[in-house]
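Asks: Can you keep this structure in mind? I'll have questions shortly.
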Amino acid sequence: MGLESPFVRRTLRASRTIALAALPMMFAAFALGCDGGTGQGIHGDGDASGDAGNSSYVSPDGSVKGNLALWTSGVGRKVQPTTAPGLGTSIALETYRDAYVSAQVVVRASGGDLSGVRVATTDLSDGAGHSLSSDSLVLFRAAFIDFTGVTAHGGNLDVPKNSPTGDGRIPDALVPLVNPYTQADAGQPFDVQDEHNQPLWLDVHVPKGTVAGTYLGNLTIIATGGASATVPVSVKVWPIDLPDMRSVTTHFKMSTNDFLQYHKGISTCSASSCWLDYTPQARTLVKRYEELAHSHRIDTEQSFVVSPDNGYAVPTDWTEYDNAMAPYMTGAYWSDGVPSSRLGTPFSPGVGWGLEAQCTQAQYTALAAAWAAHLKAKGWFDKAIVYAADEPDSTLFPAIAKNSTWMQAGDPDWKAHIMDTTAPTASNVSVLNPALGIYCVALAWYDNWNDHGAIYGRKEWPGLMSQGIQLWFYESNAQDPPYVTFASNTLDGLEPTLMMWGAWYEHATGFLYWDIAAWTQTDPWGPTIGFNKTGDGVLLYPGNHDGVMAPVGSPADVTVDGPIPSQRLKMVRQGLQDWALFQLADQKGLGTQARASVAKVYSQLGGCTYSGCPAPAGGFFWKSDEALVAQVRAEIAALVTP
């Protein structure tokens, strides 16, 4: 089916206008420049005089003189404009297949401003006739958010407090150097201010079935005036194909209502009201957002799918619904051909509106029976998720139980699919256990390590799982340090990844996030502090600024008619990939050994109370150690290698 999304399929074709023949690209140099390493990390060779050193730059009129300096970095720390230069001069990565692996290349101006910077890529070759196409290497220019004066909560290394230079700027949005939809320049060429950094994010996609081995190639960076530098790239491919995204159920909401604010031609307006329309242009735009999430192993549910409507009676015509839903369920909708992992239903036990408020018991049960029968006939029932009343207080528990009972009367198999965002406790399981198949627990309300009372945790959950009840986790405005977060204001890049590691360690089977596009309408590329958490509800950004609220939207120099990913989105993807790897260990009966390895960097999820956060028995909540994370990943990969 090809590669996963336009962001993957598209390479830096615009960069190929550079006269690459004039730049030496010898594989012998690559072998010397790329050191080995373990895991899926990046390893600089520790020598600033390597291939990716400094290159003199003189402007055409001779008025500006400077150096194009490069250094490489892993993805565990975010690079600020004023971060001190590192010593890495090459990229050495290791990875499983049917996955992505990432690194950072930092362009720095020294002794004068740089302008017109571009990047070119080569194929990566194993020297034995196999290659990773340059199309598999995609680069992004990081854009910064300024958190100076922002008091909303950040992550474990928020700035400017934790910045060595007192800098309040953090990278998050990642602008593709080449527009994935038009092949025109997007994030390049770019300029770099004297004595400042411009981090670039590199994604390398390794397709399923790639021959195991080490693949070598390079990146070449060139600026106006001819200054250039080369970064050797090495990717060691393990003989492991990951399970696809369906191995972990993700329930990430993506609000589409505000797309029209920043993208033109997708809305209909009347008086002062505008709404997203169903035109081909709107569908194309929404699909681009869906594809970006899908290529990061995230399921945002289906757009433009209308449930069959027959009032409160059993539907008689499913044609329109089936035609819209089928491409998602078969995979035909997606560039990678991988079907969606879930589908929504019209039921929401416990709420006070919709079917739950209007139907009689007989009608509700009949509808549940009809939906179950139809979804089973289509082969889709196993993907159905019934989202009960969101974060209910105890007064809603009886209503949830009642509606669940009505659904199970229609088909008892519904129980396993009914999910609620609440934590099991000694006081509610007698009511909720018969009603729910999935408890979706806020990370901050897992276990009772920190005086949360009778909330279930590691000791109690095996009993629930023995009854066929699943554990999911979710994040929604709740996580604070010292626990891992999704916050945008943190220098620590590992937090989202290790959140996924912790979820697997606790035997969860799914993860929910309340939104990935809940932008601050007047400043969608800003700090996003609506719930006193920086970046909460935002994992991607609008790529344009020509919609209803023009010129509000993306920065003036970013005009992509689609989404812009974030650095945090990439790290969530890394965590979900690792989760799939760890599941392979579970499937092989090696889960205990894999958890012993993960325990080197992860201790517990949870939340703090007014009394604070007592340190776990092992002395740490989690370890922000990229080398150790890579080591653990490699250990588990070796464990499951055939």
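The values are calculated or read from the model by the stated rules, or taken from the named source; none is laboratory data. These numbers were taken from a predicted model, which means no experiment stands behind them. Every residue, glycine as well, gets a Cβ built from its backbone with ideal geometry; the counts of neighbours run over all protein chains shown. Surface accessibility is based on the protein's heavy atoms, side chains included, excluding ligands, DNA and RNA. Shrake-Rupley method; radii C 1.70, N 1.55, O 1.52, S 1.80 Å.
Asks: Out of Asn433, Asn448, which single residue is polar (S, T, N, Q) and modelled with pLDDT of 95 or more?
Replies: None of the other options fit; the residue is Asn433.
Asks: How many residues are free of Cβ contacts under 8 Å to residues at least 60 places away in the same chain and over 24 Å from the mean Cα position of the chain (by Cα) when one looks only at segment 613-642?
Replies: Selection size over segment 613-642: 7.
Asks: Please specify each residue of segment 599-614 satisfying the condition of being surrounded by 12 or more Cβ atoms within 10 Å (Cβ to Cβ) and aromatic (Phe, Trp, Tyr).
Replies: The answer is Tyr602, and nothing else.
Asks: Please find, among Ala596, Ala634, Ala617, the residue that is surrounded by fewer than 22 Cβ atoms within 10 Å (Cβ to Cβ) and not in a helix (DSSP H, G or I).
Replies: None of the other options fit; the residue is Ala617.
Asks: Is one or more of the residues making up segment 474-482 in a strand (DSSP E or B) and within 23 Å of Gly154 (Cα to Cα)?
Replies: Scanning segment 474-482, I find at least one residue that is in a strand (DSSP E or B) and within 23 Å of Gly154 (Cα to Cα), so the answer is yes.
Asks: In this structure, is Ala223 small (Gly, Ala, Ser), open to solvent by less than 50 Å² (accessible area, probe 1.4 Å), touching a Gly at 6+ places or on another chain (Cβ under 8 Å) and touching a residue at least 40 places away in the same chain (Cβ under 8 Å)?
Replies: Yes; evaluated as a whole, the condition is true for this residue.
Asks: Would you be able to say whether some residue in segment 275-283 is β-branched (Val, Ile, Thr) and in contact (Cβ under 8 Å) with a residue 40 or more places away in the chain?
Replies: No, every residue in segment 275-283 fails to be β-branched (Val, Ile, Thr) and in contact (Cβ under 8 Å) with a residue 40 or more places away in the chain.
Asks: State the number of residues belonging to segment 409-443 that are in a helix (DSSP H, G or I) and open to solvent by 10 Å² or more (accessible area, probe 1.4 Å).
Replies: 10
Asks: If you go through segment 164-177 one residue at a time, how many are open to solvent by 10 Å² or more (accessible area, probe 1.4 Å) and not acidic (Asp, Glu)?
Replies: Counting residues in segment 164-177 that are open to solvent by 10 Å² or more (accessible area, probe 1.4 Å) and not acidic (Asp, Glu) gives 4.
Asks: Could you identify the single residue in Val305, Val314, Val338 that is hydrophobic (A, V, I, L, M, F, W, C), assigned to a loop (DSSP other than H, G, I, E, B) and open to solvent by less than 30 Å² (accessible area, probe 1.4 Å)?
Replies: Exactly one of Val305, Val314, Val338 is hydrophobic (A, V, I, L, M, F, W, C), assigned to a loop (DSSP other than H, G, I, E, B) and open to solvent by less than 30 Å² (accessible area, probe 1.4 Å), namely Val338.
Asks: Return the residues of segment 186-208 that are surrounded by fewer than 17 Cβ atoms within 10 Å (Cβ to Cβ) and in a strand (DSSP E or B); say none if nothing qualifies.
Replies: Asp191, Asp194
Asks: Okay, next question. Quick check on Thr250: is it β-branched (Val, Ile, Thr) and open to solvent by less than 40 Å² (accessible area, probe 1.4 Å)?
Replies: For Thr250, the condition - β-branched (Val, Ile, Thr) and open to solvent by less than 40 Å² (accessible area, probe 1.4 Å) - is met.
Asks: Suppose the filter is open to solvent by 10 Å² or more (accessible area, probe 1.4 Å), under 23 Å from Phe252 (Cα atoms) and either more than 35 Å from the chain's Cα centre (by Cα) or among the polar types (S, T, N, Q) (or both); does Ser394 pass it?
Replies: Here the answer is no, as Ser394 does not meet what is asked.
Asks: Please tell me if Lys236 is under 21 Å from Val75 (Cβ atoms), of a type in the set (D, E, K, R) and open to solvent by 50 Å² or more (accessible area, probe 1.4 Å).
Replies: yes
Asks: Related question: So, in segment 157-207, of the ones that are of a type in the set (S, T, N, Q) and within 18 Å of Leu114 (Cβ to Cβ), which residue ends up farthest from the chain's Cα centre (by Cα)?
Replies: Result: Gln193.
Asks: Filter segment 147-176 for residues that are on the phi > 0 side of the Ramachandran plot and either without any contact (Cβ under 8 Å) to a residue 12 or more places away in the chain or in a strand (DSSP E or B) (or both) and give the result.
Replies: Once the filter is applied, which keeps residues that are on the phi > 0 side of the Ramachandran plot and either without any contact (Cβ under 8 Å) to a residue 12 or more places away in the chain or in a strand (DSSP E or B) (or both), segment 147-176 yields only Gly166.
Asks: Here are the criteria: (1) in contact with a strand residue (DSSP E or B) (Cβ under 9 Å, 6 or more places away or on another chain); (2) surrounded by fewer than 21 Cβ atoms within 10 Å (Cβ to Cβ); (3) of a type in the set (Val, Ile, Thr). Tell me which single one Thr365 does not satisfy.
Replies: It is condition (1) that Thr365 fails.
Asks: Do we find a residue being surrounded by 16 or more Cβ atoms within 10 Å (Cβ to Cβ) and under 13 Å from Ala173 (Cα atoms) anywhere in segment 546-554?
Replies: Yes - at least one qualifying residue is present in segment 546-554.
Asks: Ok, one more. Kindly provide the set of residues from segment 444-473 that are outside any strand (DSSP E or B) and of a type in the set (A, V, I, L, M, F, W, C), ordered by number.
Replies: Within segment 444-473, Ala444, Trp445, Trp449, Ala454, Trp461, Leu464, Met465, Ile469 meet the criteria.
Asks: List the residue pairs whose Cβ atoms are under 6 Å apart, where the first residue sits in segment 337-349 and is touching a residue at least 24 places away in the same chain (Cβ under 8 Å) and of a type in the set (Gly, Ala, Ser), the second is open to solvent by 10 Å² or more (accessible area, probe 1.4 Å) and assigned to a strand (DSSP E or B), and the two are 6 or more positions apart or on different chains.
Replies: That search, which allows pairs on different chains as well, returns Ser341/Thr249; Ser348/Tyr387.
Asks: Go through segment 461-491 and give me each residue that's open to solvent by less than 10 Å² (accessible area, probe 1.4 Å) and not hydrophobic (A, V, I, L, M, F, W, C).
Replies: The answer is Glu475, Gln479, Tyr483, Thr485, Ser488, Asn489, Thr490.
Asks: While we're on this one: In this structure, is Ala212 under 15 Å from Leu124 (Cβ atoms), modelled with pLDDT of 95 or more and among the hydrophobic types (A, V, I, L, M, F, W, C)?
Replies: For Ala212, the condition - under 15 Å from Leu124 (Cβ atoms), modelled with pLDDT of 95 or more and among the hydrophobic types (A, V, I, L, M, F, W, C) - is met.
Asks: Oh, and also: Any idea which of Val538, Val601 is under 23 Å from the mean Cα position of the chain (by Cα), hydrophobic (A, V, I, L, M, F, W, C) and within 23 Å of Tyr262 (Cα to Cα)?
Replies: Val538
Asks: Next up: Within segment 451-460, is even one residue over 29 Å from Thr609 (Cα atoms), open to solvent by less than 50 Å² (accessible area, probe 1.4 Å) and not acidic (Asp, Glu)?
Replies: No, segment 451-460 has no match at all.
Asks: Answer yes if at least one residue in segment 364-384 is modelled with pLDDT of 95 or more and closer than 20 Å to Lys253 by Cβ, and no otherwise.
Replies: Yes.
Asks: Scanning segment 317-335 for residues that are open to solvent by 30 Å² or more (accessible area, probe 1.4 Å) and not small (Gly, Ala, Ser), which turns out farthest from the chain's Cα centre (by Cα)?
Replies: If we take residues in segment 317-335 being open to solvent by 30 Å² or more (accessible area, probe 1.4 Å) and not small (Gly, Ala, Ser), then Asp317 is farthest from the chain's Cα centre (by Cα).
Asks: Please find, within segment 96-138, the residue that is most open to solvent (accessible area, probe 1.4 Å) out of those that are part of a loop (DSSP other than H, G, I, E, B) and farther than 16 Å from Leu216 by Cα.
Replies: Result: Asp113.
Asks: Mind listing whichever residues of segment 504-521 are open to solvent by less than 10 Å² (accessible area, probe 1.4 Å) and closer than 29 Å to Asp447 by Cα?
Replies: Matches in segment 504-521: Trp504, Glu506, Ala508, Gly510, Phe511, Leu512, Tyr513, Asp515, Ile516.
Asks: Something else: Quick one: in segment 267-292, of everything that is in contact with a Pro (Cβ under 8 Å, 6 or more places away or on another chain) and not basic (Lys, Arg), which residue is farthest from Arg246 (Cα to Cα)?
Replies: The selected residue is Tyr289.
Asks: OK, next. Would a scan of segment 527-535 turn up a residue that is surrounded by 21 or more Cβ atoms within 10 Å (Cβ to Cβ), at pLDDT below 95 and over 30 Å from Leu202 (Cα atoms)?
Replies: No, every residue in segment 527-535 fails to be surrounded by 21 or more Cβ atoms within 10 Å (Cβ to Cβ), at pLDDT below 95 and over 30 Å from Leu202 (Cα atoms).
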